[in-house]
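I have placed the structure first, in the form of C-alpha cells, so that the comments after it can refer back to it.
The values are calculated or read from the model by the stated rules, or taken from the named source; none is laboratory data. Since the structure is predicted, the reported quantities are computational estimates derived from the model, not experimental observations. These area figures cover heavy atoms from the full protein model, side chains too; ligands, DNA and RNA do not enter into them. Shrake-Rupley method; radii C 1.70, N 1.55, O 1.52, S 1.80 Å.
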Amino acid sequence: MKVPLRLGLYGAGLVVVFVAAAAIGDVAVPEETVQDWVRTVEEIRHEEPGHPGTEPGDDESTEADPAEEPADH
C-alpha cells in the first residue's frame, strides 16, 4: 500500500471517529447539562476576583516577569 493512500485512509478514519464522537456527545449529554456547566464556569469566574484576565480591562502583558529581567553582573 502506498504512503499517500495510507495517510488518506488514516485521515478519513480520524474524520469518522471525530464525527461519531460529536454525534454521540450530542445524544448522550443533554443541552441543559451543557448550559449548567457554562453557568457554573461563569459564576466561578465572577466570584474569584483578583485573577488576571477575569475582569474587564485586565491585561496580563503589563506585568513584568522577574525571570525575564536581566541580572546585574
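Filtering GLU68, GLU32 for residues that are modelled with pLDDT under 90 and open to solvent by 70 Å² or more (accessible area, probe 1.4 Å) leaves a single hit, GLU68.
What about LEU7, is it open to solvent by 100 Å² or more (accessible area, probe 1.4 Å) and at pLDDT 95 or above? Yes, satisfied.
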